[in-house]
Amino acid sequence: MRRPHHPYWAEKLEERWHLGWNRHFIHPQFDALGVEPRFVGARYLDIRGENIRAGDHFHLYATRTQPVSFAVDPFEGGDGAIDIGSYCIVAPGVRIRSAIHVEIGDDCMLAENVFITDADWHDPQHRIYPGKREPVVLEDNVWVCDGARICKGVRIGENSIIGAGAIVTRDVPKNTIAAGNPAKPIGELPEVGHTTRRHALFVGGLPYQTFKDQFDARRLAGNTLLGYLRARWFPDSRS
């Protein structure tokens, strides 16, 4: 449907059910998970391996056509790990693979279909799994745009932006915009004045859940169960 027709109470009931489902089935799959995580489409999250951790207010979105995958395979007793900081957001289609260590700082944003890996998984000549391994580090407040690829051994400095479709094979300094294949600096950002993901959790000074409840109440104002059923089964141009 073009717009939501369900009533506010149904929205809150479904939200509460999903939070409980996630606490039971998803939270235990992390070796550590901070306060108030949110998983939308959690059944399309694939977690494999150990040493997968995320900080406070971690938000993740997955869909049937764009699942999210975190996989750690240290291979022969290595130290594979995925560490995600606080206030990070992961969009549909993101894949992270670790054979040694992928470290993502606070306030980072990973857009749709981003791929991060700390290994080649097969060498060009000796194609033996997992190939060469070097840690990957994303410092605080990094934004990786749609479809970008972050390769082994890369460090991306704080506040930097990686352009859509970029292939990052070398370090990116802080406060830098990088794009292309291979990714190269194409612009600079100021040293100060950056907003971060955590600002979204205190909109207008309100805690995130309070803001979301008020926003949903306005968005769904006037909706009724009868109106929802009518729009569902007898849609028209306004549905």
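The values are calculated or read from the model by the stated rules, or taken from the named source; none is laboratory data. Just so you know, these numbers come straight off a predicted model, no measurement behind them. Note that we place each Cβ from the backbone using ideal geometry, even for glycine, and neighbour counts take in every protein chain shown.
Quick notes on this one:
- Residue that is farthest from Ile82 (Cα to Cα), among those in the range 46-56 that are among the acidic types (Asp, Glu) and part of a loop (DSSP other than H, G, I, E, B): Asp56
- Qualifying residue in the range 199-222 (condition: surrounded by fewer than 15 Cβ atoms within 10 Å (Cβ to Cβ) and among the acidic types (Asp, Glu)): no
- Just one of the listed residues (Gly193, Gly187, Gly180) is among the small types (Gly, Ala, Ser), loosely packed, with under 14 Cβ neighbours inside 10 Å and in contact with a strand residue (DSSP E or B) (Cβ under 6 Å, 6 or more places away or on another chain), namely Gly187.
- A single entry from Arg127, Arg133 fulfils the requirement of being buried (at least 21 other Cβ atoms within 10 Å of the Cβ), in the same structural domain as Phe75 (by TED's automatic domain parsing) and more than 25 Å from Phe58 (Cα to Cα): Arg133.
- For the range 12-45, the set of residues classified as outside any helix (DSSP H, G or I), surrounded by fewer than 13 Cβ atoms within 10 Å (Cβ to Cβ) and modelled with pLDDT of 95 or more consists of Ala32 only.
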